[in-house]
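Heads up, the thing below is written out as C-alpha cells.
The values are calculated or read from the model by the stated rules, or taken from the named source; none is laboratory data. Source: prediction; values computed, not measured. Because the Cβ atoms are built from the backbone with ideal geometry, glycine has one as well, and the counts that use them run over all protein chains shown.
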Amino acid sequence: MNHDSYPDSYIRGILNTVKTIAMVGISPKDNRPSYFAFKYLLERGYRMIPVNPGQTGKDILGQKVYAKLADIPEPVDMVDIFRASQFALPIVQEALTLTPKPQAIWMQLTVRNDEAARLAEAAGLKVVMNRCPKIEYGRLSSEISWMGVNSRTLTSKKAQLMGKGVQRMSLNRTTMSGGATDATDRAQRDEEGGH
Amino acid sequence: MTDRIPGFSTLAIHAGAQPDPTTGARATPIYQTTSFVFDDVDHAASLFGLQAFGNIYTRIGNPTNAVLEERVAALEGGTAGLAVASGHAAQVVVMHTLMTPGDEFVASKKLYGGSINQFNHAFKNFGWNVVWADPDDIASFERAVTPKTKAIFTESIANPGGVITDIEAVSAIARRASIPLIVDNTLATPYLCKPIDYGADIVVHSLTKFLGGHGNSIGGMIVDAGTFNWSREGRYPMLSEPRPEYSGIVLHETFGNFAFAIACRVLGLRDIGPALSPFNAFLILTGIETLPLRMQRHCDNAKQVTEWLVKHNKVAWVSYPGLAGDKYNALAKKYCPKGAGAVFTFGLKGGYDAGVKLVSNVKLFSHLANIGDTRSLIIHPASTTHRQLSDAQKVQAGAGPDVVRLSIGLEDPADIIADLEQGLGAA
Ligand SMILES: Cc1ncc(COP(=O)(O)O)c(C=O)c1O
C-alpha cells in the first residue's frame, strides 16, 4: 500500500468492515482530539474500547478502560493508535500477538511508522497512517460537508441516513473522488517541517 | 489504484452537492431555516462541543451554504471553505482570526478601493495596522515585514487597474517570514487562477462578482488551503491555544489542515455574525455551475473590446493585462493564461467631462458600482466612487479624472462595441 495517499475505496472498506475498535492512547479529557474521535465513532455505532494504562479500570464514555491490548477479553477488529510515531512499533507488535488477529491498524493524523506498517502488512493486516478515522468517516459519509470541508468526493446518488436521527449519515454511499488534493497532500507532507 | 481527480467543470457543477438524503431533490434545496432540531440531548452536546459535524443555527452553518463552501473550496483546491455575508465580511473574519490589537499586516497598495478603506479605517479601530507595499516592487513586501506582522494580503488581479501580483514571489516572502499569504481571488476566480497552486495559504472572495455572476446576490467566501502550520511558533492563539469558548479545545490539533476554516466559523462567524442567507447561497451556487463557460466568454469579450478601444481616437490608453504590450502581460500569461479577466480601466483624452458624457450616453452598459455581472457595466470613478478624494489622491488610486472602468458582460461583443462607439461619439 502506498501510504502517501489512499484510495477512498480502501478507507471505506476498512471503516465499513471493522466493528470493534481499540483506541490506544485515548485521553480521558473531553477536550482532547482522541476523546473527540472516540466519542464520534461510538456515536456512529462502533464498539469502542479505550486502552490507556493510566486509566485502567476506569470508564471513558461508559466504556471500561484496559491497560493493554492483551487485556481486552474480546476480539478487536482494528487498533487505532493515538500515540507518537515512535511508540507505534511496540503497539503493532502487541496487536499481532492477539488471537484472532485484528484486521486493521490505524495510526492517527501526524502518526506514521513505516517499519510498524510493514510488519502489520506482512501479517496480512490493512494499515492506514497519518489519518483520523473521525475525519475519514465524516468525509466518506458526507457529514463533514456540513462544516464546509472539501470531502473530495462527488456523487449523483443520495447520501444514506444512518438512522438514530437525521444528522447522522452512513458510509454506505456511492461516490467518485472529487476535488483537487494538491494542497491537502502538501499540507500533510508539510506536517513536520511545513510552512 | 488511485482515485480519479475530476476536472474543473465537473467540480463547478457537482462539488459539495448530492441528492437530498430525505427527499431526493437533485438541485441543492434552500434550507431557509434559522435552526435545526437535535436528534437528542447528547447530539446537541456533541454539536456545541464541536465533537460532531452537523447543523445548529444558520449564523454558524447551514446546509445550503455548506454546499457553496465545499464547492468553492474544491474549485480553489483548498481543504475547506466558509461562506459569509459579503467579500468585506470575509476579510473581517479572516483578520479577526489572525490578529490581536497592535498587530500588523502587509497589504498591496493596489487593491479594490473598498478594501483600502476597510484596512485604513475600520481595521485600525480594532488595532489591526496595515502597512502598504507596492506590487510593482516585490521587495517592498519584505521590507514592510516586522516582528508584529501576522499576514500578507494581495489581490490576484487587482480591481480596477488590472494589476497582476506575482503571487509566487510574494508567497516566498511570506514563507520566509513564517506568516500566511492571503489572496483575494475575486477578479480572477479559480477558473482563471488558483492562488493556492502558487503558495497562497488563505483565499478570499467577493462572491458578489463573477462567482455568483448574475448581479443578484452579495456574498463572501474564505478558503483554507490547509498549508499553514499554525502551531509552529504559537503566534496565532485562536488556532494554537486552548480556547476558553470551547472548554479548552486546541483547534489546530483537533481539526488539522482545515482548522483555519473551522476557527473562522466557530470563533469568527459565530461571534461577529455576518452570516450569508441560504437564498443567496442558492443563487450563487447556480451561478457557479456555469462559471467556466461564463468566465471564458467574459475574457474573450473583454479582449475584443480592449483591442477595439486601444485603436479609438478618443482613447488615450487602455490598462488590460490581456493586451500584448501591457505592463502586466507577462504576469497575466503566467497566472491567468486562459484570459485576464473582464474588468479594466481606460483613459479618455477628453478628461473628466468626456467621462461624464460617456457614462451618460451609453444605452447597453449599466452605470453602476459593481463588476462581474452578465451585463456590461461602466463607471467613472472620479465623479462617483472616488468623488470625495483630492485630484492627487484620485490619480494615486488609479481613478484620475480621465479614467473609466468597464466590466465586460456576456452580451454579443458587437453590441458591446457598438454601444461604446455611440457613447464615445458623444464624449
Ligand atoms: C476585489 C474585491 N474584493 C472585495 C470586494 C468586496 O466585496 P463585497 O462587495 O462582496 O463586500 C470587492 C467588491 O467590489 C472587490 O472587487
**OP:** Report yes if B:GLY355 is at pLDDT below 95, surrounded by 16 or more Cβ atoms within 10 Å (Cβ to Cβ) and not aliphatic (A, V, I, L, M), otherwise no.
**Re:** no
Original post:
When A:GLU121 is evaluated against the numbered criteria (1) modelled with pLDDT of 95 or more; (2) more than 7 Å from every other protein chain (Cβ to nearest Cβ); (3) in a loop (DSSP other than H, G, I, E, B), which criterion, by number, is the only one it fails?
Top reply: (3)
Original post:
Which residues, counting only those in segment A:83-116, are under 26 Å from B:ASN229 (Cα atoms) and among the small types (Gly, Ala, Ser)?
Top reply: A:ALA84, A:SER85, A:ALA88
**OP:** Taking the options B:ASN129, B:ASN125, B:ASN120, name whichever one is away from every other protein chain (no Cβ under 13 Å) and either of a type in the set (Ser, Thr, Tyr) or within 16 Å of the ligand (Cβ to nearest atom) (or both).
**Re:** B:ASN120
Subject >> Counted residues, segment B:244-268 - those being touching a His at 6+ places or on another chain (Cβ under 7 Å) and of a type in the set (S, T, N, Q) >> reply: 0
Original post:
What's the number of the condition B:ILE408 fails, among (1) surrounded by 19 or more Cβ atoms within 10 Å (Cβ to Cβ); (2) without any contact (Cβ under 8 Å) to a residue 60 or more places away in the chain; (3) within 23 Å of the chain's Cα centre (by Cα)?
Top reply: (2)
Original post:
Which condition does A:THR110 not pass, out of (1) without any contact (Cβ under 8 Å) to a residue 60 or more places away in the chain; (2) more than 19 Å from A:TYR10 (Cβ to Cβ); (3) part of a loop (DSSP other than H, G, I, E, B), if it passes all the others?
Top reply: (1)
**OP:** Would you confirm whether any residue within segment A:20-32 is among the β-branched types (Val, Ile, Thr), in contact (Cβ under 8 Å) with a residue 40 or more places away in the chain and surrounded by fewer than 21 Cβ atoms within 10 Å (Cβ to Cβ)?
**Re:** yes
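The rows are residues; the columns are (1) aliphatic (A, V, I, L, M); (2) part of a helix (DSSP H, G or I); (3) assigned by TED's automatic domain parsing to the domain that holds B:HIS214; (4) farther than 24 Å from B:THR189 by Cα.
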{"residue": "B:ALA316", "(1), (2), (3), (4)": "yes, no, no, yes"}
{"residue": "B:PHE344", "(1), (2), (3), (4)": "no, no, no, no"}
{"residue": "B:VAL356", "(1), (2), (3), (4)": "yes, yes, no, yes"}
{"residue": "B:ARG375", "(1), (2), (3), (4)": "no, no, no, no"}
{"residue": "B:HIS386", "(1), (2), (3), (4)": "no, no, no, yes"}
{"residue": "B:GLY400", "(1), (2), (3), (4)": "no, no, no, yes"}
{"residue": "B:LEU406", "(1), (2), (3), (4)": "yes, no, no, no"}
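Conditions tested, residue by residue: (1) surrounded by 14 or more Cβ atoms within 10 Å (Cβ to Cβ); (2) closer than 21 Å to A:TYR137 by Cα; (3) touching a Ser or Thr at 6+ places or on another chain (Cβ under 6 Å).
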position	(1), (2), (3)
A:GLN55	yes, no, no
A:GLY62	no, no, no
A:PHE82	yes, yes, yes
A:SER85	yes, no, no
A:VAL92	yes, no, no
A:LEU96	yes, no, no
A:GLN103	yes, yes, no
**OP:** For segment B:328-351, indicate whether the set of residues that are charged (D, E, K, R) and within 16 Å of the ligand (Cβ to nearest atom) is non-empty.
**Re:** no
Subject >> Test: residue in segment A:95-105 that is hydrophobic (A, V, I, L, M, F, W, C) and within 14 Å of another protein chain (Cβ to nearest Cβ) >> reply: no
Original post:
Assuming B:ALA324 fulfils every condition listed in (1) in contact with a strand residue (DSSP E or B) (Cβ under 9 Å, 6 or more places away or on another chain); (2) over 30 Å from B:GLY49 (Cα atoms); (3) of a type in the set (A, V, I, L, M); (4) not in a helix (DSSP H, G or I) apart from one, which condition is it?
Top reply: (1)
**OP:** Would you mind listing the helices (runs of 4 or more DSSP H) fully within segment B:2-93 where at least 1 residues are facing chain A (nearest Cβ under 9 Å), closer than 22 Å to B:ASN257 by Cα and within 16 Å of the ligand (Cβ to nearest atom)?
**Re:** B:63-76
**OP:** Hey, could you check segment B:196-222 for residues that are outside any strand (DSSP E or B) and touching a strand residue (DSSP E or B) at 6+ places or on another chain (Cβ under 7 Å) and say which is farthest from the other protein chains (Cβ to nearest Cβ)?
**Re:** B:LEU211
Subject >> Of all residues in segment B:94-110 being hydroxyl-bearing (Ser, Thr, Tyr) and not in a helix (DSSP H, G or I), the one that is farthest from the ligand (Cβ to nearest atom) >> reply: B:THR100
Original post:
With respect to B:VAL395, is the statement that it is surrounded by 15 or more Cβ atoms within 10 Å (Cβ to Cβ), free of Cβ contacts under 8 Å to residues at least 12 places away in the same chain and part of a helix (DSSP H, G or I) true?
Top reply: yes
**OP:** Would you check if there is a residue in segment B:223-238 being within 16 Å of the ligand (Cβ to nearest atom) and either within 13 Å of chain A (Cβ to nearest Cβ) or surrounded by fewer than 23 Cβ atoms within 10 Å (Cβ to Cβ) (or both)?
**Re:** yes
Subject >> Complete set of residues in segment B:239-270 that are facing chain A (nearest Cβ under 9 Å) and either of a type in the set (S, T, N, Q) or part of a helix (DSSP H, G or I) (or both) >> reply: B:TYR246, B:SER247, B:GLU253, B:THR254, B:PHE255, B:GLY256, B:ASN257, B:PHE258, B:ALA261, B:ILE262, B:ARG265
Original post:
How about segment B:208-221: which of its residues are more than 7 Å from the ligand (Cβ to nearest atom) and surrounded by 24 or more Cβ atoms within 10 Å (Cβ to Cβ)?
Top reply: B:PHE210, B:LEU211, B:GLY212, B:GLY213, B:MET221
Original post:
If you go through segment B:140-169 one residue at a time, how many are free of Cβ contacts under 8 Å to residues at least 60 places away in the same chain, part of a helix (DSSP H, G or I) and surrounded by 24 or more Cβ atoms within 10 Å (Cβ to Cβ)?
Top reply: 1
Original post:
Is at least one residue of segment B:194-207 at pLDDT 95 or above, surrounded by 24 or more Cβ atoms within 10 Å (Cβ to Cβ), farther than 16 Å from B:GLY78 by Cα and within 12 Å of the ligand (Cβ to nearest atom)?
Top reply: yes
Subject >> Residue ID - farthest from B:THR165 (Cα to Cα), chosen from residues in segment B:126-141 that are within 21 Å of the chain's Cα centre (by Cα) and charged (D, E, K, R) >> reply: B:ASP134
**OP:** Please identify the pairs in which a residue from segment B:354-378 that is on the phi > 0 side of the Ramachandran plot has its Cβ atom under 8 Å from the Cβ atom of a residue that is part of a loop (DSSP other than H, G, I, E, B) and of a type in the set (S, T, N, Q), counting only partners at least 6 apart or on another chain.
**Re:** B:GLY372/B:THR186; B:GLY372/B:THR208
Original post:
Does B:ILE173 satisfy the criteria of being assigned by TED's automatic domain parsing to the domain that holds B:ASP224, of a type outside the set (D, E, K, R) and within 16 Å of the ligand (Cβ to nearest atom)?
Top reply: no
